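What follows is calculated from the coordinates using simple rules that are stated; it is not laboratory data. On a predicted model such as this, the values are computed, not experimentally measured, just so you know. FYI the Cβ positions are ideal-geometry reconstructions off the backbone, even for glycines, and counts take in every protein chain you see.
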Amino acid sequence: MLTPLHKRLLNDYQRDFPLSPTPYQDIALELGVSEEDVIDAFVELDEQDVITRIGPVIPPNRIGVSTLAAIAVPETELEAVAQIISAYPEVNHNYEREHRFNLWFVVIAADAQHLAQVLADIEQQTGYPVMSLPLMEDYFIDLSFKLDLHDD
Amino acid sequence: MIDTLDQRLLSAIQQGLPMSPRPYAELGAQIGLSESEVLARLTALKQDGLIKRLGVIVKHRQLGYRANAMVVWDIPDEQVQHIGQMISRLEFVNLCYRRPRHGATWPYNLFCMIHGKSKETVLQQLALLEQACHTQAFPKQVLFSRRCFKQRGAIYTKSEPATAHG
């Protein structure tokens, strides 16, 4: 269950997390609770698996290189192919989507050469061609996400 | 380019900020930096845009946002930037990127992501988007997600930096 404090923490601290020696104390002062309450609530959110972590979001291609890749796989082989792809440490998202191109994954690497090697290796391991669609332009400024946390 | 210490700092903080009273001091101790150096470097990384945001990274699916659509359009090159900027201003849009077309099999060059609590709400939001941004006339596809096989967020290691979303 999410308490009102959980909801404030989820919605109000996706960006501009305090960069001070005692960020949880700063948040506690803003919300009128104790530092211990704030830390406990974050630990609970982590245990309930509703947050990945408190951390940075780094824009694509500022450090290293990445691409969004897709592959069209027969339904019967999808699970096996997905597992081959997910096993690469360079793959950080891997989703089934409703389309002929039914598996979509993000590949990240330190440089272009390594990225190309991983894509070629995936083609060889799976036996299917990979469509690579690297980012050309990012139109989005703010990656935080306004959550509607009313119970429904 | 960022230096080695910044890379180590990013690798460390991407494991998650410790949930304890002096988290930046703890991070620093892992990599041999003082608390004030950690804070100064993170502030600079944010100012330089190498950190797009710093904060809570939520799991949408676990919070009831189970419908996730990747919407793609084929927009003429001379209009794609203008339309991409308009789309990215809509509150319910999470990501909006231009990507290369891939021949006749994939003629789409503009991508956006919409998360919603149901397919119906996502499709309603898409209808609003199309009206607001005048994209109705362009070819498009809506790809709802089914299974999630892997979602690690972006974890960086020294040899393997990562990104928000490809």
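What the table below lists for this structure:
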item: Chain A - percent relative contact order, Cα under 8 Å, separation 6 or more; result: 24 percent
item: Relative contact order (%) - chain B, alpha-carbon pairs under 8 angstrom, separation at least six; result: 23 percent
item: Top of A:VAL81, A:VAL43, A:VAL107 by mean-square fluctuation, Gaussian network on chain A, Cα under 10 Å; result: A:VAL43
item: Cα gyration tensor, the range B:1-101 - rounded (a/c under 1.5), prolate or oblate; result: prolate
item: Overall form of the range A:4-47 per C-alpha gyration tensor (a/c, 1.5; a/b vs b/c); result: rounded
item: Selected from A:LEU31, A:LEU135, A:LEU19 as most flexible by GNM, with chain A as the system and alpha-carbon contacts under 10 Å; result: A:LEU19
item: Theoretical FRET efficiency, 1/(1+(r/R0)^6), r = Cβ-Cβ of B:LEU123 and A:ALA87, R0 45 Å, to 0.05; result: 0.85
item: Ratio of the Cα radius of gyration of the protein assembly as shown to 2.2 N^0.38 Å, where N counts its residues; result: 1.02
item: Shielding by partners, peptide B:96-106 (average Cβ within 10 angstrom, other chains); result: 5
item: Label-zone membership for the range B:50-84, site A:ARG15, 7 angstrom Cα→C-beta point, backbone N under 14 Å; result: B:50-57
item: Student exercise, chain B dipole from Lys, Arg, Asp, Glu Cβ charges, in Debye to nearest 20; result: 680 debye
item: Dipole moment magnitude, nearest 20 debye, the protein assembly as shown about Cα centre, only Lys, Arg, Asp, Glu C-beta charged; result: 660 debye
item: For chain B, cysteines whose Cβ has no other cysteine Cβ within reach (under 4.7 Å); result: B:CYS133, B:CYS148
